[in-house]
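Structure record follows, encoded as structure tokens.
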Amino acid sequence: MPTLSLVIPAFNEQARLPALLDVLANSAGEVVADAGFELIEAVVVDDGSTDASRKMLEAGVADDPKLKPVFDLTQNRGKGAAFAAGVRHAQGDYVLLVDVDLSTPLEELHKLTKAIEGGADVVIGSRAIDGAIVERGPAHRKWLGKGFNGTVRILTGLPVRDTQCGFKLMPTAVARRLVETQLCPGFAFDVELLMRAHGAGLGIEEVPVLYLHDSRSSVRVVSASFQMLRDVCGLAYRLRLRSEARSQRQPSLAGLSADDSD
């Protein structure tokens with residue numbers, strides 16, 4: 001079976017780490033195997049936590065040899081920076097981005113595997129297409145999510161309905177290529193990742209998944225959404241509009257004569 005690295009960003013997660021570490025040490029390997037992969041490591045990237053997260057991760061290694069904490073980020077940089085650091089450390093054939101609260105359970109991985117087997121290059125879990133199930137999510141988060149994703153589609157031209165679900169599968173080589181020149185260290189990194197994949201002609205497939213909202217999340221949705229929209233506007237300018245402008249200024253060499261090209 002192809003090997004898999006879980007990449008899990010974590011910032012001040014002492015309340016939710018125990019449940020994650022229990023799943024990783026006990027059931028994760030079997031669940032991942034049922035989905036067609038060999039789980040070789042769980043790369044949990046501490047994003048400059050100031051609580052007991054680091055000590056908990058260091059202690060967890062004794063119970064789970066597949067747990068690979070990463071402490072490269074000495075101060076809080078953002079989820080995007082943590083994901084990029086995890087990708088750089090990953091040793092598996094594939095990487096799966098996972099949220100620390102397992103809001104999309106690992107049992108959903110088999111759905112993404114089918115899409116990879118069908119030829120997709122990047123597969124993303126989605127809460128916004130037919131077949132998706134969202135449980136316990138407050139109404140305001142759902143409406144904000146719909147508004148955000150609609151705006152993202154307009155600004156970026158991305159053909160997906162949910163960029164932000166923290167459940168994404170791709171070959172490690174592809175992930176490294178996409179984060180190599182990453183601009184956004186924060187929550188909008190998902191948008192940048194998909195924009196770069198789309199711009200490179202990679203096949204992106206969106207798969208409906210189960211999503212279980214965790215009320216203990218420390219993310220302030222309203223303020224985070226405004227910051228993400230600011231970042232997305234910047235990404236749309238730098239990765240989409242400037243690229244389109246450059247392509248319009250450069251005539252196709254195929255239609256030029258030798259004299260024209262001098």
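A few points about this structure:
- Selection count, the stretch 25-47, where residues are closer than 25 Å to P185 by Cβ and either in contact with a Phe, Trp or Tyr (Cβ under 9 Å, 6 or more places away or on another chain) or not β-branched (V, I, T) (or both): 5
- The number of residues in the stretch 36-55 that are of a type outside the set (S, T, N, Q), outside any strand (DSSP E or B) and crowded, with 21+ Cβ neighbours inside 10 Å comes to 1.
- Scanning the stretch 6-47 for residues that are within 15 Å of P65 (Cα to Cα) and of a type in the set (K, R) yields a total of 0.
- 3 or more residues over 13 Å from the mean Cα position of the chain (by Cα) and touching a residue at least 12 places away in the same chain (Cβ under 8 Å): qualifying strands (runs of 3 or more DSSP E) within the stretch 128-210: 133-135, 204-208
- Some residue of the stretch 112-122 being more than 22 Å from R196 (Cα to Cα) and touching a His at 6+ places or on another chain (Cβ under 6 Å): no
Listed here are the residues, each with its yes/no results for (1) within 24 Å of L112 (Cβ to Cβ); (2) without any contact (Cβ under 8 Å) to a residue 40 or more places away in the chain; (3) not aliphatic (A, V, I, L, M).
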site	(1), (2), (3)
P18	no, yes, yes
D22	yes, yes, yes
A35	yes, no, no
E41	yes, no, yes
G48	no, yes, yes
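- Filter pass, K111 being farther than 22 Å from D47 by Cβ and charged (D, E, K, R): yes
- Boolean, I124 is at pLDDT 95 or above, touching a Lys or Arg at 6+ places or on another chain (Cβ under 7 Å) and part of a strand (DSSP E or B): yes
- Conditions (1) outside any loop (DSSP other than H, G, I, E, B); (2) surrounded by 16 or more Cβ atoms within 10 Å (Cβ to Cβ); number of the one not met by K114: (2)
- Filter result for the condition that a residue is over 15 Å from M228 (Cβ atoms), surrounded by fewer than 21 Cβ atoms within 10 Å (Cβ to Cβ) and touching a helix residue (DSSP H, G or I) at 6+ places or on another chain (Cβ under 8 Å), over V134, V98: V134
- Candidates A19, A59, A33, A25: the one that is in contact with a strand residue (DSSP E or B) (Cβ under 9 Å, 6 or more places away or on another chain), surrounded by fewer than 16 Cβ atoms within 10 Å (Cβ to Cβ) and in a helix (DSSP H, G or I) is A33.
- Residue that is farthest from the chain's Cα centre (by Cα) [pool: residues in the stretch 62-82 that are more than 30 Å from K111 (Cα to Cα) and loosely packed, with under 13 Cβ neighbours inside 10 Å]: A62
- Residue selection: V100 satisfies the criterion of being in a loop (DSSP other than H, G, I, E, B), among the β-branched types (V, I, T) and in contact (Cβ under 8 Å) with a residue 60 or more places away in the chain.
- Whenever a residue of the stretch 78-96 is over 22 Å from V207 (Cα atoms), its partners that are among the charged types (D, E, K, R) and crowded, with 24+ Cβ neighbours inside 10 Å, lying with C-beta atoms within less than 6 angstrom and at least six residues away or across chains, give the pairs A82/D47.
- Flag if E107 is farther than 24 Å from G29 by Cβ, out of contact with any Ser or Thr (no Cβ under 7 Å at 6 or more places or on another chain) and among the acidic types (D, E): no
- Whichever residue in the stretch 197-253 is modelled with pLDDT under 60 and basic (K, R) and, among such residues, is surrounded by the fewest Cβ atoms within 10 Å (Cβ to Cβ): R249
The values are calculated or read from the model by the stated rules, or taken from the named source; none is laboratory data. Quantities reported herein were computed from a predicted structural model and do not represent experimental measurements. Here the Cβ is made from the backbone with ideal geometry for all residues, glycine too, and neighbour counts use every protein chain on show.
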